[in-house]
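Taking it in order: structure first as structure tokens, then the write-up.
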Amino acid sequence: MTILQNSTGPTRDEVQAHRGASAVAPENTIAAFKAAADQGCKWIELDVALLKDGTAVVIHDVSIDRCSSSRGQLADLTAADLAGIDAGSWFSKTFSGEPLPTLESAIVSLGELGLNANVEIKQHAHHTSLAQLTETVHDQLRKRAAHTQVMISSFDGEALKAMHELDQGYDLAMLWSELPGGWPDRLASIPSSTIHLNYKALSFGFLEEARRRGVKVRAWTCNTPRLLAPFWEAGLTGVITDDPSLYLT
Ligand code: G3P
Ligand code: MG
């Protein structure tokens, strides 16, 4: 018997809050993760990168200019600078004083909030050592609560391979903005059986081939559920969205 899952939309376990519930709270902050939990979301996506001193922090950009009240490059900052950074006021006065989280503090919060995490490893030019990046992320993730599930995603296949070498139990997802030619072979080299694809690049033909090959596909970053509606029955597995409430009705 064939059971069609997700034929009308994603299950609750397949809705991921992009940078937390970033439509209603400042992205990649504990406040955004809490907002996702308050919406009934089970998973958040967060971005991780290193500061100059090797501290793993939760931030999308290579600088703190866009998402804080300060200015500076991650390559020039250390853990000691974090106390002076307000990562909330840029979004709304309501979030004034919201910290820029370390990965360590985020992991603690996820455990408290009962959330699981899609940890996106950012590869930036100032990351001169892939081993330092992945070993730091791995060391922090080992501190997670027993009930906290994690998956690792990255646009950088080498980062995924390095995480796999550190722990073969990691669930890995290859991030692509567009579907590259020969994608099955590229995916097989990771090793991963999950693709996180820009929703604008979805097609029925791709989903059919993915399903035939047993590959999971999640779409990012879609805040308009009707655009994904035709794809659930075709095998789309999940969605990464700034506004999980749109999918959790
Ligand atoms: O995980 C999907 C999405 O986060 C990838 O793009 O640039 O928002 O990190 P970006
Ligand atoms: Mg991301």
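To keep it simple, each residue is scored yes or no on (1) away from ligand 2 (no atom under 16 Å from the Cβ); (2) within 21 Å of ASP53 (Cβ to Cβ); (3) open to solvent by 30 Å² or more (accessible area, probe 1.4 Å).
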| site | (1), (2), (3) |
| --- | --- |
| ALA106 | no, yes, no |
| LYS122 | no, yes, no |
| SER129 | yes, yes, yes |
| ILE152 | no, no, no |
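Among residues of the range 139-149 being surrounded by 18 or more Cβ atoms within 10 Å (Cβ to Cβ) and within 15 Å of the chain's Cα centre (by Cα), the one that is farthest from GLN16 (Cα to Cα) is LEU141.
Within the range 177-197, restricting attention to residues that are touching a strand residue (DSSP E or B) at 6+ places or on another chain (Cβ under 8 Å) and open to solvent by 30 Å² or more (accessible area, probe 1.4 Å), the residue that is modelled with the lowest pLDDT is PRO191. The lone criterion from (1) more than 26 Å from GLN39 (Cα to Cα); (2) β-branched (Val, Ile, Thr); (3) touching a Lys or Arg at 6+ places or on another chain (Cβ under 6 Å) left unmet by THR194 is number (1). Taking the range 47-76 as the range and being out of contact with any His (no Cβ under 8 Å at 6 or more places or on another chain), open to solvent by less than 40 Å² (accessible area, probe 1.4 Å) and either in a strand (DSSP E or B) or more than 16 Å from ligand 2 (Cβ to nearest atom) (or both) as the test, the residues that pass are VAL48, LEU51, GLY54, THR55, ALA56, VAL57, VAL58, SER63, ILE64, SER68, SER70, GLY72. Here is the figure for the range 66-77: residues that are within 23 Å of the chain's Cα centre (by Cα) and farther than 11 Å from LEU100 by Cβ total 3. Candidates are the residues of the range 199-249 that are open to solvent by 60 Å² or more (accessible area, probe 1.4 Å) and within 17 Å of the chain's Cα centre (by Cα); the one that is nearest to ligand 2 (Cβ to nearest atom) is ASN223. The helices (runs of 4 or more DSSP H) found wholly in the range 152-247 and carrying at least 1 residues that are farther than 18 Å from GLY9 by Cα occupy 157-166, 183-188, 204-212. Residues that are assigned to a loop (DSSP other than H, G, I, E, B), of a type in the set (S, T, N, Q), away from ligand 1 (no atom under 16 Å from the Cβ) and within 25 Å of ALA219 (Cα to Cα) do not occur anywhere in the range 15-27.
Quick grid of which residues meet (1) away from ligand 1 (no atom under 16 Å from the Cβ); (2) outside any helix (DSSP H, G or I):
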site: VAL108; (1), (2): yes, no
site: GLU120; (1), (2): no, yes
site: ASP139; (1), (2): yes, no
site: ARG144; (1), (2): yes, yes
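The values are calculated or read from the model by the stated rules, or taken from the named source; none is laboratory data. Only a predicted model underlies this, so the values are computations on that prediction, with no experimental measurement involved. Here Cβ is always computed from backbone atoms with ideal geometry, including for glycine, and neighbour counts include all displayed protein chains. Accessible surface is based on the protein model in full, side chains and every heavy atom, while ligands, DNA and RNA are left aside. Shrake-Rupley method; radii C 1.70, N 1.55, O 1.52, S 1.80 Å.
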